[in-house]
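Each remark here refers to the structure printed beneath this line.
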Amino acid sequence: MNTTETILRLADVYAAHLGLSHWRVAFLLRGDGTFLKKLRAGSTCTVKTAEAALNWFSTHWPADLEWPLEIPRPSVQKREAA
């Protein structure tokens with residue numbers, strides 16, 4: 001599974017569990033409701049964007065939802081207060 005497929009798989013599971021549209025998940029994830037639609041259509045994203053997306057899912061993943069076993073979960077990195 002490549003990074004795009006991983007992001008889309010996490011988005012699908014997250015959206016289904018919370019009853020959210022893909023547009024809403026994309027907006028929460030990137031501030032762009034069309035982000036996931038573009039990925040599904042074949043667009044790519046930078047490594048930085050992909051890492052940010054994976055970290056966002058790891059940080060915001062519902063406690064009552066099992067993380068997909070086929071996807072390694074990134075460590076949740078807490079930001080220090082400035």
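The values are calculated or read from the model by the stated rules, or taken from the named source; none is laboratory data. Quantities reported herein were computed from a predicted structural model and do not represent experimental measurements. Every residue, glycine as well, gets a Cβ built from its backbone with ideal geometry; the counts of neighbours run over all protein chains shown.
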Can you find even one residue in region 55-65 that is at negative phi, touching a helix residue (DSSP H, G or I) at 6+ places or on another chain (Cβ under 9 Å), of a type outside the set (Gly, Ala, Ser) and modelled with pLDDT under 95? no
Going residue by residue through region 56-79, is there one that turns out to be surrounded by 10 or more Cβ atoms within 10 Å (Cβ to Cβ), among the hydroxyl-bearing types (Ser, Thr, Tyr) and free of Cβ contacts under 8 Å to residues at least 12 places away in the same chain? no
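Regarding residue 15, is this residue over 17 Å from residue 1 (Cα atoms), touching a Ser or Thr at 6+ places or on another chain (Cβ under 8 Å), free of Cβ contacts under 8 Å to residues at least 40 places away in the same chain and not polar (S, T, N, Q)? Spell out the reasoning first.
Values: over 17 Å from residue 1 (Cα atoms): yes; touching a Ser or Thr at 6+ places or on another chain (Cβ under 8 Å): yes; free of Cβ contacts under 8 Å to residues at least 40 places away in the same chain: yes; not polar (S, T, N, Q): yes.
So residue 15 fits the description; yes.
Considering only residues of region 9-27 that are of a type in the set (A, V, I, L, M, F, W, C) and either surrounded by 16 or more Cβ atoms within 10 Å (Cβ to Cβ) or touching a Cys at 6+ places or on another chain (Cβ under 7 Å) (or both), which is farthest from residue 67 (Cα to Cα)?
Just the residues of region 9-27 that are of a type in the set (A, V, I, L, M, F, W, C), to begin with: 10-11, 13, 15-16, 18, 20, 23, 25-27.
Then drop every residue that is not either surrounded by 16 or more Cβ atoms within 10 Å (Cβ to Cβ) or touching a Cys at 6+ places or on another chain (Cβ under 7 Å) (or both), which leaves 10-11, 13, 15, 25-27.
Details: 10: 8, 11: 11, 13: 9, 15: 13, 25: 16, 26: 18, 27: 21 Å.
So, considering only residues that are of a type in the set (A, V, I, L, M, F, W, C) and either surrounded by 16 or more Cβ atoms within 10 Å (Cβ to Cβ) or touching a Cys at 6+ places or on another chain (Cβ under 7 Å) (or both), the one farthest from residue 67 (Cα to Cα) is 27.
Give the residues of region 36-51 that are of a type in the set (Gly, Ala, Ser) and exposed (fewer than 14 other Cβ atoms within 10 Å of the Cβ), sorted by residue number.
Of all residues in region 36-51, those of a type in the set (Gly, Ala, Ser) come to 41-43, 50.
Within region 36-51, 41, 42, 43 qualify.
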Over region 1-24, the set of residues within 15 Å of residue 51 (Cβ to Cβ) and either in contact with a Phe, Trp or Tyr (Cβ under 7 Å, 6 or more places away or on another chain) or part of a helix (DSSP H, G or I) (or both) is 3, 4, 6, 7, 10
For residue 33, state whether it is among the small types (Gly, Ala, Ser) and buried (at least 16 other Cβ atoms within 10 Å of the Cβ). yes
